[in-house]
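Below you'll find the structure, written out as structure tokens, and then a few comments.
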Amino acid sequence: MIKVFICGINGKMGRTLKEEILEDPELELVGGYTRTRKSNIDYTSFLEVPKVDVLIDFSVPSLLKSILDYATINNVALVLGTTGYDESELKLISDAASKIPIIYLENYSLGINAIRNILSDLTMYLANFEINLIEKHHKNKLDSPSGTAKLFEKSIDKKINMYSIRTSNIVGEHALIFNYEDEEIEITHRAYSKRIFALGAIKCAKLIYKKKPYLYTYNDLVKGVS
């Protein structure tokens, strides 16, 4: 069994991950990091965390250095799902990937990653189209535009008009709209629960286990890049 640790275990994503991991016969949940201990598998210091195989992180950017220190010292693979990193923090992730296997995705939905893969081909055929992106999330989401919106812009490699809405309890919605003269194409992805992100992160945890040090993309793992 793959021994897994969750950073942010008592957050919304952490609780969803915990439920899914406990039901998965291939995984063993060793514990999770949290600010306030609520169970006997909760840890409040990385100095106390035992050796595991994979750490899945859905917490806050301020914990990144502690996570990287723990993972590099103990040779632990990382599945990073926290968004909102600045350039210096992204550099820390890139540097650590020379020592341990890491995957960092702004969105672990399998559907979002499928859309990302078709965007470069699509925009090649729609070079004259104006591109707008409307993203909606719950009112407590901190970053705006979302990490997924930035991911789409990077995949398109073209400036797009972004509009962010924070309201109610929307899990996540991204609509890419391509306009040109008398035609319009729209690609919309809606997340109805956080479970889709948990399942995507778990899939990546299984795929990155025992990989060589490298900063992997989702495509790398799916295609079996070692």
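For the chain, what relative contact order do you get, as a whole percent, if you take Cα pairs closer than 8 Å and at least 6 residues apart? In percent, rounded to a whole number, it is 20. Centre-to-centre separation between the Cα atoms of region 25-78 and those of region 111-147: 31 Å.
Working note: 222 nm ellipticity from helices only, DSSP H runs with n ≥ 4, each -39,500 (n - 2.57), summed and divided by the residues of the chain, gives -10500 deg cm²/dmol to the nearest 500. Note on Arg35 and Glu183: their simple-model spin labels are 5.1 nm apart, each label 7 Å out from Cα toward Cβ. Placing +1 on the Cβ of every Lys and Arg and -1 on the Cβ of every Asp and Glu, with no other charges, gives region 110-191 a dipole of roughly 620 debye about its Cα centre.
In the chain, the DSSP beta bridges split such that about 35 percent are antiparallel, to the nearest 5. Going by a ≥ b ≥ c, the root eigenvalues of the Cα gyration tensor, does region 122-223 fall in the rounded group (a/c under 1.5), the prolate group (a/b larger than b/c) or the oblate group? Since a/c reaches 1.5 but b/c is at least a/b, the shape of region 122-223 is classed as oblate. Contact order for region 110-191, expressed relative to its length and based on alpha carbon pairs under 8 Å spaced 6+ residues apart, stands at 36 percent. Here the ratio of the Cα radius of gyration of region 78-133 to 2.2 N^0.38 Å is 1.48.
Remark: for residue pairs Lys3/Lys194; Lys141/Lys212; Lys91/Lys154; Lys18/Lys223, the C-alpha separation exceeds 24 Å in Lys141/Lys212; Lys18/Lys223. Spin-label model, Glu28 to Asn132: label points 7 Å out along the Cα-to-beta-carbon direction sit 5.4 nm apart. Taking 0.36 nm per residue of separation and subtracting the Cα-Cα distance, full extension of the segment from Lys212 to Tyr192 would add 3.8 nm.
For the chain, the dipole from Cβ point charges (+1 on Lys and Arg, -1 on Asp and Glu) about the Cα centre works out to 900 debye, to the nearest 20. Think of the chain as a dipole: +1 on every Lys or Arg Cβ, -1 on every Asp or Glu Cβ, centred on the Cα centre; then among Thr44, Gly11, Met124, Thr44 lies furthest on the positive end. Highest mean packing comes first when the peptides 202-209, 19-26 are listed by Cβ atoms within 10 Å, giving 202-209, 19-26.
No value in this document is a laboratory result; all are computed from the given coordinates. Because the structure is predicted, anything quoted here is derived from the model rather than measured. Positions of Cβ are backbone-derived with ideal geometry, glycine not excepted, and every protein chain shown enters the neighbour counts.
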